[in-house]
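Have a look at the structure below before the remarks.
Every number here is computed from the coordinates shown, using simple stated rules; none is lab data. Nothing here was measured: the structure is a model prediction, and the numbers come from that model. Using ideal geometry, Cβ is built from the backbone for each residue, glycine included, and neighbour counts are taken over all protein chains shown.
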Amino acid sequence: MNEKEFALLGRDVEDLKKRDDALEKRVDKIEEIHEAVWKISSNVETMVQQIKEMNTRFNEHIQRIYDKIEKQGEKNAKDLAEVSKRVTDIEQKPAKKWESVTAQIITLVVAAVVGFVISKFGFGG
């Protein structure tokens, strides 16, 4: 090997060292990116689990609210039926009183007519 070939070989070795250094830097950057992606993936996995747990708790809470609303609706229906019955009873009181007054008037009129007839025709003695 002559000096010229040796010089070319030395330059090639230097070029290879430079390329090797550049490749090592690129690999280091790729490793950093890989680590960052792994951390993001791990965080996303944790977030997904937390969201699932929150969703479960939310659904349980919604079910409890629904149950309370349903119970309150049933109570309201019972209360409404009771109030409706009481209103009907109150509405019927004047009609019952009117019927009682009417019956008493009819009784008085019949008694007066009978008394008049007895006194006119002398059935008493």
Taking ALA95 as meeting all but one of (1) surrounded by 10 or more Cβ atoms within 10 Å (Cβ to Cβ); (2) more than 21 Å from the chain's Cα centre (by Cα); (3) not charged (D, E, K, R), write down the number of the exception.
-> (1)
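Residue-wise test of (1) exposed (fewer than 10 other Cβ atoms within 10 Å of the Cβ); (2) over 23 Å from the mean Cα position of the chain (by Cα).
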site: LEU8; (1), (2): no, yes
site: ASP12; (1), (2): no, yes
site: LYS17; (1), (2): no, yes
site: GLU24; (1), (2): no, yes
site: GLU32; (1), (2): no, yes
site: GLU35; (1), (2): no, yes
site: MET54; (1), (2): no, no
site: LYS68; (1), (2): no, no
site: GLU91; (1), (2): yes, yes
